[in-house]
Each structure stands twice: as structure tokens, then as C-alpha cells.
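A.B. asks: Can you keep this structure in mind? I'll have questions shortly.
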Amino acid sequence: MTQHSKQKKKSFFLVNSLFVLILAGVLIFLLNAPEETTSFLPKDEIHLQFHGIKSKKEAEKFCLECHDIGKDAPLPEGHPPKFRCLFCHKRK
Ligand code: HEC
Ligand code: HEC
């Protein structure tokens, strides 16, 4: 085997290892996602209207009107990052 093709093999190995590492990282990230025990979007008088809005993104625009600091129902302390409410608080 020439010196050149040996080096080529080595860099293939590095690229493949990197790829596996990235996949492992993504998997760990997904496994760390909040469990399904996260409370669902309530189906009460207040929240019923948001079940009707098809786009999650559109519906979420209203959440912080009540669930922000100093509002009616602020988020509990230590609440996870809060963008995209409905990814975690699913609608049933
Ligand atoms: C008009 C005010 C208001 C808006 C807008 C609002 N909420 Fe609420 N939310 C409340 C109040 C008050 C409570 C506590 C009483 C209750 O459970 O209904 C609550 C409770 C909750 C709970 C806790 C339910 C539980 O099981 O403990 C979640 C989750 C929630 N809201 C998510 C959302 C999301 C997501 C949005 C946006 C789509 C939203 N809320 C919009 C007022 C609001
Ligand atoms: C990354 C996932 C995630 C996102 C995004 C998220 N939440 Fe939560 N939320 C949680 C978890 C987990 C809890 C329970 C926290 C605890 O037990 O201390 C919680 C708790 C709450 C509570 C308290 C009542 C309960 O069920 O414990 C309310 C109200 C709430 N979230 C509303 C919202 C709103 C409104 C948004 C968007 C602005 C939002 N959340 C975004 C995961 C999330």
C-alpha cells in the first residue's frame, strides 16, 4: 500500500468516527427531552380556543399573555426553556 492511500484511509476513519459521535449526540439530546408526563394543554374554558388554532406557532403567540412573569399564571420557577409551548404541553 502506498503512503498516500494509507493517509486516505485514516481520514475516512476520522470522518466516520465524527459521524457516529454526532449521531450519538443527537440521540442523547432526544432521550433527554421531557417525558410525556408533561402536562397537556388544559381543555378548559380558557384554553379551549387554542385547541382550535391549527398552527402551533400561531396558538403559542397567546400563551405568554397569561403565563409570563407578573401575569395571571406565571410559569413555575425553574421552568424549562419556554419557546414552543405546545411541543411539550401537547394538545390531546
Ligand atoms: C387568558 C389567560 C391564559 C392564556 C392565554 C393561556 N393560559 Fe394556560 N393557564 C391559565 C390559567 C389561569 C391556568 C391555571 C388554571 C387552569 O389550569 O386552567 C393555566 C394553566 C395552564 C397549564 C397547566 C395545566 C395543568 O395541568 O396544571 C398549562 C400547561 C397551560 N396553561 C398552558 C398554556 C399554553 C400552552 C397556552 C397557549 C396556547 C396557554 N396556557 C394560554 C391562563 C391562560
Ligand atoms: C421544553 C419543554 C417545555 C416547553 C417548551 C414549555 N414547557 Fe411548560 N412545563 C414543562 C415542564 C417539564 C413543566 C413541569 C415543571 C415542573 O414540574 O417544575 C412545565 C410546567 C408548566 C406550567 C405549570 C403547570 C404544570 O403543568 O406544572 C405551566 C403553566 C406551563 N408549563 C406553561 C407553559 C407555557 C405557556 C409555555 C410556552 C410559553 C411552556 N410551558 C413551554 C415543559 C415545557
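The values are calculated or read from the model by the stated rules, or taken from the named source; none is laboratory data. Keep in mind that what you see is a predicted model, and the values were worked out from it rather than measured. All Cβ positions, glycine included, derive from the backbone under ideal geometry; neighbour counts span all protein chains shown.
A.B. asks: All but one of (1) out of contact with any His (no Cβ under 7 Å at 6 or more places or on another chain); (2) at pLDDT 95 or above; (3) not β-branched (Val, Ile, Thr) hold for Lys82; state the number of the condition that does not hold.
C.D. replies: It is condition (2) that Lys82 fails.
A.B. asks: Where the second residue is not in a loop (DSSP other than H, G, I, E, B) and the first is touching a residue at least 12 places away in the same chain (Cβ under 8 Å) and lies in the stretch 62-84, which pairs have Cβ atoms under 6 Å and are six or more apart or on separate chains?
C.D. replies: Partner pairs satisfying both residue conditions: Cys63/Cys85.
A.B. asks: How many of the residues in the stretch 7-51 are part of a helix (DSSP H, G or I) and more than 27 Å from Asp72 (Cβ to Cβ)?
C.D. replies: 25
A.B. asks: So how many residues does the stretch 52-91 have that are more than 6 Å from ligand 1 (Cβ to nearest atom), surrounded by 14 or more Cβ atoms within 10 Å (Cβ to Cβ) and either of a type in the set (Asp, Glu) or not in a loop (DSSP other than H, G, I, E, B) (or both)?
C.D. replies: 3
A.B. asks: Do you know which residues across the stretch 28-38 are surrounded by 10 or more Cβ atoms within 10 Å (Cβ to Cβ) and among the β-branched types (Val, Ile, Thr)?
C.D. replies: Thr38
A.B. asks: In addition: Which members of the stretch 39-51 meet the condition of being touching a residue at least 24 places away in the same chain (Cβ under 8 Å), surrounded by 11 or more Cβ atoms within 10 Å (Cβ to Cβ) and within 11 Å of ligand 2 (Cβ to nearest atom)?
C.D. replies: Hits for the stretch 39-51 are Phe40, Leu41, Phe50.
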